[in-house]
Each structure stands twice: as C-alpha cells, then as structure tokens.
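Contents: one structure, followed by commentary.
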Amino acid sequence: MKKYIFFALMLFVIGLCLFNTACSNDIKQKEYKNLDIVHKWIKKNVNRKVVNKVDLPTACPDVNGAIISWSSTEPKVIDNMGRVISRPSDTKRVMFNYTIKIGDNVNEEYEMGIYVSSKTLEEVENEFLKMIPSTLKENISFPNVFAGGAVEVIIATSDETILSPSGKYTQPNIDSKIEINYIVTDGNEEITGNVSTFAKAKSEKERLNNTIKWLNEIGFNELLL
C-alpha cells in the first residue's frame, strides 16, 4: 500500500513539473511574440531624422509592460534622450543601441541609425526661399530634401497648371500671382510659411502661334483653313 502511495506521489510531482515547464514555455513564447511586435512598432514609429530632438519611446502602446531603453554611441552629438547637443558640420548618422525588455525572460538589444541635421529648420527655410524668384521665367529645380536628407520641404501651389509642386513652370495666358505654401520638417518639428511669385502672361503673338500649332497638331492645317 505504501509503495502505491509513493508511486502516486512521484507521478503527481512529475506531472506538476511538466505542467510548470509547459506553462513557462508558453509564457516565453508569448513574450517573444510581444518582443517582435514592439520591435516592428519601433521601426515604424521612430523617426530616423532629427534637427533638435527626436522622440525615443520608453514604452510601446501595443504591449503592456514592455520597457525600452536607448543609448547613443555619440552622446556629445545627440544624447540618450534624443536631444541634439552639438550640431555637426555635415549631416551625420549616429548609431543608437536600444534594448527591449519584456517580463523576466526576454531582454534583446538592437541597433538603429539616426541622421542628425547639419542645419536648423530656419536655415533650410531661408535656403528654400532664396530659390523662389519674384517673377517666374522657367522651371524651379526644387530638391526633394535638404541638409543631406535630414529635412524635407513639402510644397503646395495655388495653381499647379502654372507652377507644380515639383517646380515645373508653364507660362499662363493671363498675368497670375502664384502662392506657394510650404512646410519645412524633419518629421519631429516643422515650420510653415507662405511666399508669392508672379507669372507674366504670354504675348498675343505667342498665343497666336500656340493656337496655330495646336490646330496643326489636331489636323486643322493652314491649307485646310
């Protein structure tokens, strides 16, 4: 009888150990799944460009209890909080190490590069405004980005048939004032503004010649007329 009781107790202990091991493995699997969620969220939401300060999250809204810590490889340029301490002479890529900790079992380290702008938003704004002539005569070669790719200028014009956001100019038939609205941004902060330029109309001779050219293109040549 005692022997049966002993074996029953042994089976119970073994079963309890197996149960605890299975539970522990389930917890680990769940934590590693959450780790992947946090990692993807960071890659999607953390801006890789900065002029003054970039937001470096210490938690993830999609996973409760996740702890994120950051460490700059060049804290004299940009610190662990994402604040620019000294502006580089040329836009510089600074590496950050960040650690994601979830529960007691998961603690992984990753790496991310963040571009620190060599220019302020105000400097980029002035650079952009110098490109706008008082009177339009030709296309304006707007670059897509400034400061080595760290700053973007988003453009909208009041009449895209005359001046497109990419800078393509088409001379109008009547004198026109063109308003250019712009946003200078690094993805964290922004400056908005407005500037105007003038588009002088085509002369009567130019309009006549263009009309004749258009008629010829659609098949109404001068002989037929």
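Straight-line cross-link reach from residue 92 at under 19 Å between alpha-carbon atoms covers these lysines, not counting any fewer than eight positions away in the same chain: 49, 53, 76, 119. For residue 99, the accessible area of its heavy atoms, probed at 1.4 Å with every protein chain present, is near 30 square angstrom. Using a probe of 1.4 Å, the accessible surface attributed to residue 198 totals some 80 Å² when neighbouring protein chains are kept in position.
Remark: segment 127-137, residue by residue, has Karplus-estimated 3J(HN,Hα) of 4, 5, 4, 5, 7, 8, x, 5, 10, 6, 10 Hz, where x stands for each Gly or Pro and the curve is 6.51 cos²θ - 1.76 cosθ + 1.60 at θ = phi - 60°. The 1.4 Å probe gives accessible areas that order 183, 100, 85, largest first, as 85, 183, 100. Other residues lying with their Cβ under 12 Å from the Cβ of residue 70 contribute a combined charge of -3, Lys and Arg counting +1, Asp and Glu -1. Measuring only protein heavy atoms, the 1.4 Å probe finds residue 38 accessible over about 0 Å².
Among 161, 120, 170, the sequence by solvent-accessible area, most first, with a 1.4 Å probe is 161, 170, 120. What FRET efficiency comes out for residue 85 versus residue 216 if R0 is 45 angstrom and r is the Cβ-Cβ distance? Round to the nearest 0.05. Efficiency for this residue pair is about 0.10.
Find the percent of Cα-Cα distances in segment 85-157 that exceed 21 Å, and round it to a whole number. Summing the P(r) tail past 21 Å for segment 85-157 gives 50 percent. Straight-line reach from residue 101: which aspartates and glutamates have a Cα under 16 Å away, not including same-chain ones fewer than 8 places off? Counting by Cα, and skipping residues close in sequence, residue 101 has these aspartates and glutamates nearby: 31, 36, 62, 109, 111. Of all aspartates and glutamates in the structure, not one has an alpha carbon short of 12 Å from that of residue 130, not counting any fewer than 8 places away in one chain.
The values are calculated or read from the model by the stated rules, or taken from the named source; none is laboratory data. Quick caveat: nothing in here was measured; it's all calculated off a predicted structure. With ideal geometry, Cβ positions are generated from the backbone for all residues, glycine too; neighbour counts draw on all protein chains shown. Quick note on the areas: whole protein, heavy atoms, side chains included, nothing else; ligands and nucleic acids left out. Shrake-Rupley method; radii C 1.70, N 1.55, O 1.52, S 1.80 Å.
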